[in-house]
Amino acid sequence: MELGGLDEVTRNSQDVFNRFVTDNKIEVIDISEEQAANAWARFFDVRPPFNPNEPREQRRKDIPDSWILEAAIEIKPKKGIRCALIADNKLAAAFEAEDFKVYKDVATLLADIEQATAVVPMQKQVVEGPLVPLDQLRSAAFKNIDVLILGLIEALNTPSKDALFAALEAAGYDRAIVEHEAQTLVLSGRLTDTGSHLLPTSRALAKEAAGTEVVIDVLLKVLK
């Protein structure tokens, strides 16, 4: 494995970070003079997240946490639920004192965000039709969707989830079904969900899917 010079590595790292921020619609809060003044005031007044029972020299390690807290306090006037992802107990307690809902793990935070932002469409009345065999409960609309998802991830060089779903939607597939099948693949251990991308747990299986006729047909539609 060959690595470029420090400038190239730094530039590439920043590019990856910028793409992650853009893909996930993250707002980066820049450091301000007001934050600095308030963070240092917290240090000298020994207010949370600083522990008054610790020596002053020991408390210095929490100065960055004080700055993070002050940056978070700036967003309190904004509408919405204020959440924080924090592993440090002292900083977590300081955030809770400022009426933030604190999470210790990403999975729980993402689950609550999905629950809070879910839009439940009005359901049309179902008209009874002829009975179908139990082994045909899944309609034809689900056929090969799992293979398409796995194959296109490989063929399109690991696109973002939104780009992947948009490509299949452009090819005529129901996006709701596509997203459902993608989650099924995650639950079955065939994909890993990073938040912005879906990564195959087996590259060999993804390559095999990419070579199937159904995937090639969709690629011809998407790339023409």
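The values are calculated or read from the model by the stated rules, or taken from the named source; none is laboratory data. Because the structure is a prediction, the values reported are computed rather than measured. Every residue, glycine as well, gets a Cβ built from its backbone with ideal geometry; the counts of neighbours run over all protein chains shown. These area figures cover heavy atoms from the full protein model, side chains too; ligands, DNA and RNA do not enter into them. Shrake-Rupley method; radii C 1.70, N 1.55, O 1.52, S 1.80 Å.
A compact table of results
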| quantity | calculated |
| --- | --- |
| Residue match in region 85-99 (condition: open to solvent by less than 70 Å² (accessible area, probe 1.4 Å), more than 24 Å from the chain's Cα centre (by Cα) and under 19 Å from ILE26 (Cα atoms)) | no |
| Any hit, region 41-63, residues being among the aromatic types (Phe, Trp, Tyr), assigned by the TED database to the domain that holds ILE113 and either under 26 Å from THR158 (Cα atoms) or open to solvent by 100 Å² or more (accessible area, probe 1.4 Å) (or both) | yes |
| ILE177, sole failed condition from (1) open to solvent by 30 Å² or more (accessible area, probe 1.4 Å); (2) without any contact (Cβ under 8 Å) to a residue 60 or more places away in the chain | (1) |
| Among residues of region 66-83, those that are under 14 Å from PHE95 (Cβ atoms) and either open to solvent by 30 Å² or more (accessible area, probe 1.4 Å) or assigned to a loop (DSSP other than H, G, I, E, B) (or both), counted | 9 |
| Search result, residues across region 150-167 that are part of a loop (DSSP other than H, G, I, E, B) and either open to solvent by less than 30 Å² (accessible area, probe 1.4 Å) or out of contact with any strand residue (DSSP E or B) (no Cβ under 9 Å at 6 or more places or on another chain) (or both) | LEU156, ASN157, PRO159 |
| Complete set of residues in region 3-46 that are in contact with a helix residue (DSSP H, G or I) (Cβ under 9 Å, 6 or more places away or on another chain) and of a type in the set (Ser, Thr, Tyr) | SER32 |
| In region 43-65, the residues that are in a helix (DSSP H, G or I) and of a type outside the set (Phe, Trp, Tyr) | ASP45, ARG56, GLU57, GLN58, ARG59, ARG60, LYS61, ASP62, ILE63, PRO64, ASP65 |
| Looking only at region 181-204, and only at residues there that are surrounded by 13 or more Cβ atoms within 10 Å (Cβ to Cβ) and in contact with a Phe, Trp or Tyr (Cβ under 9 Å, 6 or more places away or on another chain), the one that is nearest to THR108 (Cα to Cα) | SER196 |
